[in-house]
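Following: one structure in structure tokens, then a few remarks.
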Amino acid sequence: MLRKLLIGTALGSGLAFAAHAQDVKEVEMLHWWTSGGEAAALNVLKEDLAKQGFAWKDVPVAGGGGDAAMTALKAMVAAGNYPTASQMLGYTVLDYAAAGVMGDLTEAAVKEGWDKSVPAALQKFSVYDGKWVAAPVNVHSVNWLWINKAVMDKIGGTEPKTFDEFVALLDKAKAAGVIPLALGGQNWQEATMFDSVVLSTGGPEFYKKAFNDLDEEQLKSDTMKKSFDNLAKLVTYVDPNFSGRDWNLATAMVIKGDALVQVMGDWAKGEFNAAKKTPGTDFLCYRFPGTDGSVVYNSDMFGMFGVPEDRKAAQVALATATLSKSFQSAFNVVKGSVPARTDVPDTDFDACGKKGIADLKAANEGGTLFGSLAQGYGAPPAVANAYKDVVSKFVHGQIKTSDEAVTQLVNAIEDAK
Amino acid sequence: MTTVTTQIKLTPEHGARPGVSMRSRLQDALPKIVLAPSFAITIVFVYGFILWTVYLSFTNSKTFPSYALTGPRAYQRLWRWTFESDPPSSWYTSIINMGIFGFLYIFICLALGLFLAILLDQKIRGEGVLRPIYLYPMALSFIVTGVAWKWFLDPGLGLEQTLHQWGWTSFHFDWIKNKDFVIYTVVIAGVWQASGFIMAMFLAGLRGIDGEIMKAAQIDGATTFQLYRRIVIPLLRPVFLSAFIVLAHLAIKSYDLVVALTSGGPGGSAWLPSNFMYEYTFKRNEMAVGSASAVIMLMTITAIIVPYLYSELREKPR
């Protein structure tokens, strides 16, 4: 149909004009932001583009960690049917870039000065071979606690500063008859929590060596064993029905006051926002005890595919809109994350957001900004999944001791490398 | 199909005669022309891709296919995982689960289906109502079955919760959350779905048995049990074959049931080989390992089905 139109116009008015006039005013976007807070956040971008006259073709593929969406993307790309852009995580962007299917946004990047405003840690994933291939949308950090304030007041708890204080707090909740820890028993949620546990147990230096450099010495060290023991301790505070639960249902337990706390990335705040809860009065956000000063991040990126020329204008508009200061602020206020560029004012953000922005800046400057292994920013997917396997098997009892867990972790990572 | 064979047989006679009209020649070729597309499609999309999968399993394919042969490393890894039982590797879990699920699913479906069919065959009143009730679950997709049973078996939502509310608070049924029992919940849901259909197959078989034989046996003094044990069930042998093949292929492709019912189970404890294949190929970017596991599945199925078919079908000409 399109081709017919093109040819028709070309005959009438000359090829150059036709190609320009027939630019497809549509962006096709694959993503897995389907839960309440997330869908609301994405709507901000949709409206931004609508103002510029670009239609939005939504390709949502539900499922928390985006596994299903990535499978759909692989099929689309294999069929040569590239979307304009797709939500992507870390190494996936680099994999696709290495396969040569990504577009090139360098022109827009230079014009907008992205290399100065986007943190270097993120550019490792959004720039491939000197070319901008993705537009980072946000920076999430994983090492947060989300606490129901009413429950906290009822049990008379205070902010836990160390892991032991955290355990004491969970004990108080247990004594008061509340579910202390809301956890969804899916492997990525368990591993996401374990990221924080490792950072808390071993400190920033240890986390980096073990989970970003995959240093075998550290992976099989006693500190790692201690981390698994700490994880085992946390798992004793979850309700018996946790296995297989989705993350937003676990967040809902905290929102409703059925549970005291959830350890989850700051996307959980989007759920609190969607439920019309205010930080400080309805819920509290603390860094995971013992991880203050470090940020374990992941970032949603919009990977830009090598689309045909007539779709290019829409793609550049999408990327530019994504990294504009106004969108970065508006979007991240809703989503719960912090902007992917460091020069966005924090005036519109709530208390948790302001803390997140300040923490990110400090971590970026202090060298304590680390990729989350569970979220695919610490190592390539094969390794990250091997890691999730081990953590999940440990949580559910297939792996019984921390000694065994450490051995399995080393083997699994070695196998997957 | 019959027409096709006849037409083809006729061809030499026609072709040998000189000066046959264009029309009759076209008529002769027509069946082949009509069959050609589906034949080509089957060759390419079934057998072609089987070969392609075999090829990929010997490469080092990760996220995308790569074509350089690098030897049987994927098979070596699977072989090693086959014996990693403590803690169980995902592959070990998958094949053990396939054994448990495949055996129980096929066996219980056959037994239950036959039993229900025999009961329904007693010329009872209301058979017309009962039969569709049992048959209905087969009309549901695995996904619907999976989700419905997921809610029903969930201790916080379904059976356990309801019985607690009715006052039976000591009742405990958390198989779906238990790594050692989750595979049996897949069996329960699978049996619920398929046994009615198997019942219908057996019922058709029972109706096809000549009443004269039954009467003769009764006159000879056979008890009802003997009648079924010695006469009816042996006569149903072809139905057993069909039912077995239907169930075996349903068992092997139950990927979606596992996903919908358990999302893989606690720590991946409900995986079947099909889940393993999908996970490794598409989620973990280990396409070579995924392909190797697919090849092993195919080999296993061949090893079971082919001898069985051979032994069953060879007796036909008798």
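Derivation of every value follows stated rules applied to the coordinates shown; laboratory data play no part. Everything numeric here is computed off the predicted structure, so don't read it as measured data. Heads up, the Cβs are rebuilt from the backbone with ideal geometry, glycines too, and the neighbour counts pull from every protein chain shown.
Each of B:VAL144 and B:ASP180 was given a label point 7 Å from its Cα along the Cα-to-Cβ line. The distance between the two points is 3.6 nm.
Of all DSSP-defined beta bridges confined to the protein assembly as shown, some 60% are antiparallel rather than parallel. Other residues lying with their Cβ under 13 Å from the Cβ of B:LYS177 contribute a combined charge of -2, Lys and Arg counting +1, Asp and Glu -1.
What whole-number volume per residue, in cubic angstrom, does the convex hull of the C-alpha atoms of the stretch A:323-409 give?
In the stretch A:323-409, the Cα convex hull volume per residue is 139 Å³.
Could you work out the helix-only [θ] at 222 nm for chain B, with each DSSP H run of four or more residues adding -39,500 (n - 2.57) and the total divided by the number of residues, to the nearest 500 deg cm²/dmol? Please report the intermediate quantities before stating the final value.
On the way: 14 runs with 206 residues, N = 318.
Dividing the helical sum by the residues of chain B leaves -21000 deg cm²/dmol.
Please go through the residue pairs A:LYS174/A:LYS226; A:LYS417/B:LYS283; A:LYS161/A:LYS417; A:LYS225/A:LYS355 and name each one whose alpha carbons sit more than 26 Å apart in this structure. From the list (A:LYS174/A:LYS226; A:LYS417/B:LYS283; A:LYS161/A:LYS417; A:LYS225/A:LYS355), the Cα-Cα distance tops 26 Å for A:LYS161/A:LYS417; A:LYS225/A:LYS355. Applying a 4.7 Å cutoff between beta carbons, the unpaired cysteines of the protein assembly as shown are B:CYS109. The loop-placed trypsin sites (Lys or Arg not before Pro) in the stretch B:232-296, going by DSSP, that have at most 13 neighbouring Cβ atoms within 10 Å of their Cβ come out as B:LYS253. The spread of Cα positions in the stretch A:158-273, taken along each principal axis and listed from longest to shortest, comes to 43, 27, 25 Å.
Past the 20 angstrom mark, what percentage of all C-alpha to C-alpha distances in the stretch B:59-120 do you count? So the portion of pairs separated by more than 20 Å is 56 percent.
Near the amide H of A:GLY244, within less than 5 Å, lie the amide hydrogens of A:GLY185, A:GLN186, all on another chain or at least 5 residues away, with H placed in the peptide plane. Convex hull volume of the C-alpha atoms in the protein assembly as shown, normalised per residue: 241 Å³.
How long is the gain from B:GLU84 to B:ALA29 if the chain were fully straight, where each residue apart is worth 0.36 nm and the alpha carbon distance is subtracted? Write down the numbers at each step before the final one.
Working: separation 55, 0.36 × 55 = 19.80 nm, distance 5.72 nm.
Contour length minus the Cα-Cα distance gives 14.1 nm.
Modelled spin labels at B:LEU235 and B:ALA217, positioned 7 Å past Cα toward Cβ, are 0.7 nm from each other. Placing unit charges on each Cβ (+1 for Lys and Arg, -1 for Asp and Glu) gives chain A a dipole about its Cα centre, and among A:PHE394, A:ALA99, A:TRP146 the Cα reaching farthest toward its positive end belongs to A:TRP146.
Cβ-Cβ distance of A:LYS174 and A:ALA150, R₀ of 25 Å, FRET efficiency by 1/(1 + (r/R0)^6): the value works out to about 0.90. Once both labels are positioned 7 Å from their Cα atoms along Cα-to-Cβ, the gap between B:HIS172 and A:ASN43 label points is 4.6 nm. Neighbours of A:THR342, meaning other residues whose beta-carbon lies under 13 angstrom from its beta-carbon, give a summed charge of -1 when Lys and Arg score +1 and Asp and Glu score -1. Note on the protein assembly as shown: dipole from Cβ charges, positive end direction compared against A:SER326, B:TYR105, A:GLN123; the farthest Cα belongs to B:TYR105.
Would you look at the GNM of chain B, springs on alpha carbons closer than 10 Å, and say which of B:PHE49, B:PHE202, B:PHE115 moves the most? Residue with maximal mean-square fluctuation among B:PHE49, B:PHE202, B:PHE115: B:PHE49. Local charge for A:SER221 was computed over the other residues whose Cβ lies under 14 Å away, with Lys and Arg +1 and Asp and Glu -1, and equals -3.
Report the charge-dipole magnitude of the stretch A:271-314 in Debye, nearest 20, computed about the Cα centre from +1 at each Lys and Arg Cβ and -1 at each Asp and Glu Cβ.
On the way: 5 positive and 6 negative charges, 19 e Å.
The dipole of the stretch A:271-314 has a size of about 100 debye.
A Förster radius of 22 Å, combined with the Cβ-Cβ distance separating A:THR71 from A:ASP213, puts the computed FRET efficiency at roughly 0.15. Available extension along the chain between B:VAL246 and B:LEU157 is 28.7 nm, counting 0.36 nm per residue and deducting the alpha carbon span. Extents of the stretch B:239-318, taken as max minus min of Cα coordinates on every principal axis and listed largest first, are 52, 28, 15 Å.
Charges only on Cβ, +1 for Lys and Arg, -1 for Asp and Glu: so what's the dipole of the protein assembly as shown about the Cα centre, in debye to the nearest 20?
On the way: 66 positive and 67 negative charges, 475 e Å.
In total the dipole reaches around 2280 debye.
Every Cα-Cα pair in the stretch A:46-148 was counted, and those over 22 Å apart are 42% of them. Using the Cβ-Cβ distance between B:ALA204 and B:LEU227 with R0 = 30 Å, the FRET efficiency computed as 1/(1 + (r/R0)^6) comes to roughly 0.95. Taking the square roots of five times each eigenvalue of the Cα gyration tensor of chain A, the equivalent ellipsoid has semi-axes of 40, 23, 19 Å, listed largest first. Dipole magnitude for chain B: computed about the Cα centre from +1 point charges on Lys and Arg Cβ and -1 point charges on Asp and Glu Cβ, it is near 900 debye. Both the radius of gyration and Dmax for the stretch B:89-313 are 20.5, 68 Å, in that order, over alpha-carbon atoms.
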